[in-house]
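Report on the structure given below.
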Amino acid sequence: MLEIRNVETYYGNIRALKGICLSVAEGEIITLIGANGAGKSTTLMTICGVITARSGDVIFQGKSIRSLEPNVIVSLGISQVPEGRRIFPMMTVAENLDMGAFLRKDKVGIESDLEYVFTLFPILKKRIHQDGGTLSGGEQQMLAISRALMARPRLLLLDEPSLGLAPLAVAQIFEMIKKVNSENKTTILLVEQNAFMALKIAHRGYVMENGTITMEGVAADLLKDEGIKKAYLGL
């Protein structure tokens, strides 16, 4: 579904991504783990067109999307849940969800997807008229994921969904990620510092350091790797 081919991305003269390559097959959960500043979020921003790769290519469903505008990329079937959630705090839960479906015209489909996200996160239905900024951190993350799902993506990009959340909320979020993948057949690329939780639910994983991919493999195998355990799992 997605291929990143020798992508280099810069911030000014600083090379943030140094020729990275990765792939995501349809139906997979792929996780990208690494320390702060490794280039994980930059990778997602490059896929979404927020940052344009200086060289290399980003291929989605067989076609290059490297030079496309972010709104066009969303219309093709890629949605991102950004780090820090970035919901609209002064807008209600309902309005935030409406924004997720902004590019869609299929009213019946939108209503169906709205009911689906309420089955995933029933608390959002109870908070439907509440401003997003008054929700708890966990509820805001649920809203951010639901807003992205309202675009009906084929590929969902998740950037640090566990960041700043209590352990119970983290467990709920990861359970819902698995559910979206298995029930809704949504392919997922997950950036996550909680390497243990990410590798537990992923099919495959990539390890990123200083703008390069240093390791890749089946997630279960990466969990057993001594270097991964020492560097990222605290074992």
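About the Cα centre of the chain, what is the dipole size in debye to 20, counting +1 per Lys and Arg Cβ and -1 per Asp and Glu Cβ, all else neutral? Write out the running numbers ahead of the final one.
Working: 26 positive and 25 negative charges, 23 e Å.
The calculated dipole for the chain is roughly 100 debye.
What are the semi-axes of the equivalent ellipsoid for region 24-104, taken as the square roots of 5 times the Cα gyration tensor eigenvalues, largest first, in whole Å?
23, 17, 13
With everything on Cα atoms, drop me the angle between helix 167-183 and the longest principal axis of the chain, reported from 0 to 90° to the nearest 10.
Helix 167-183 and the main axis of the chain meet at about 90 degrees.
Which angle between 0 and 90 degrees, to the nearest 10, do you get for helix 107-120 versus the longest principal axis of the chain when only C-alpha atoms count?
Between the helix axis and the principal axis of the chain, the angle is about 70 degrees.
Among PRO89, MET176, SER75, flag the residue with its Cα farthest along the positive direction of the charge dipole of the chain, charges on Cβ as +1 for Lys/Arg and -1 for Asp/Glu.
SER75
Can you tell me what share of the DSSP beta bridges in region 120-235 is antiparallel? A percent to the nearest 5 is fine. Don't jump to the answer; show the numbers that get you there.
Numbers: 6 of 11 bridges.
Given both bridge residues lie in region 120-235, the antiparallel proportion sits at roughly 55 percent.
Report for the chain the percent antiparallel among DSSP-assigned beta bridges with both residues inside it, nearest 5.
Working: 22 of 39 bridges.
Taking every DSSP beta bridge with both residues in the chain, the antiparallel ones total about 55 percent.
Considering just Cα atoms, how many Å³ per residue does the convex hull of the chain enclose?
In the chain, the Cα convex hull volume per residue is 118 Å³.
Using a Förster distance of 25 angstrom, determine the FRET efficiency expected from the C-beta separation of ILE123 and LYS200, and round it to 0.05.
Working from the Cβ atoms, E equals 0.55.
Compute the angle between helix 137-149 and the longest alpha-carbon principal axis of the chain, please, reported from 0 to 90 degrees and rounded to the nearest 10.
The two axes meet at around 90 degrees.
Would you mind computing the Rg to Rh ratio of region 9-57 from its alpha-carbon coordinates, Kirkwood style for Rh?
The Rg/Rh ratio comes out at 0.96.
Can you give me the C-alpha center-to-center distance between region 151-169 and region 11-68, rounded to a whole angstrom?
For region 151-169 versus region 11-68, the Cα centre distance is 18 Å.
Calculate, for VAL108 and LYS185, the FRET efficiency according to 1/(1 + (r/R0)^6) with r their C-beta to C-beta distance and R0 30 Å; round to the nearest 0.05.
So the FRET efficiency works out to roughly 0.95.
Which distance in nm do the two modelled labels at MET90 and ALA166 give, with both placed 7 Å along the Cα-to-Cβ direction?
3.0
Over region 89-235, what is the relative contact order in whole percent, taking alpha-carbon pairs under 8 Å and six or more residues apart?
After rounding, I find 19 percent.
Assigning unit charges at the beta carbon (Lys, Arg +1; Asp, Glu -1) and nothing else, what dipole magnitude in debye, to the nearest 20, does region 1-105 show about its Cα centre?
220
Please give the net charge around VAL24, taking every other residue with its beta carbon less than 10 angstrom from that of VAL24, where Lys and Arg add +1 and Asp and Glu add -1.
-2
What value, in deg cm²/dmol to 500, does the helix sum -39500 (n - 2.57) over DSSP H runs of n ≥ 4 give at 222 nm once divided by the residues of the chain?
Numbers: 9 runs with 86 residues, N = 235.
Rounded to the nearest 500, it is -10500 deg cm²/dmol.
Is region 109-203 rounded, prolate or oblate when judged by the Cα gyration tensor, a ≥ b ≥ c being the square roots of its eigenvalues, rounded requiring a/c under 1.5 and prolate requiring a/b larger than b/c?
oblate
Here, each number is a calculation from the coordinates, and none is a lab measurement. Predicted, not measured: the structure shown is a model, and the values here were computed from it. For neighbour counting, all protein chains shown are included, and Cβ atoms are generated from backbone atoms with ideal geometry for every residue, glycine included.
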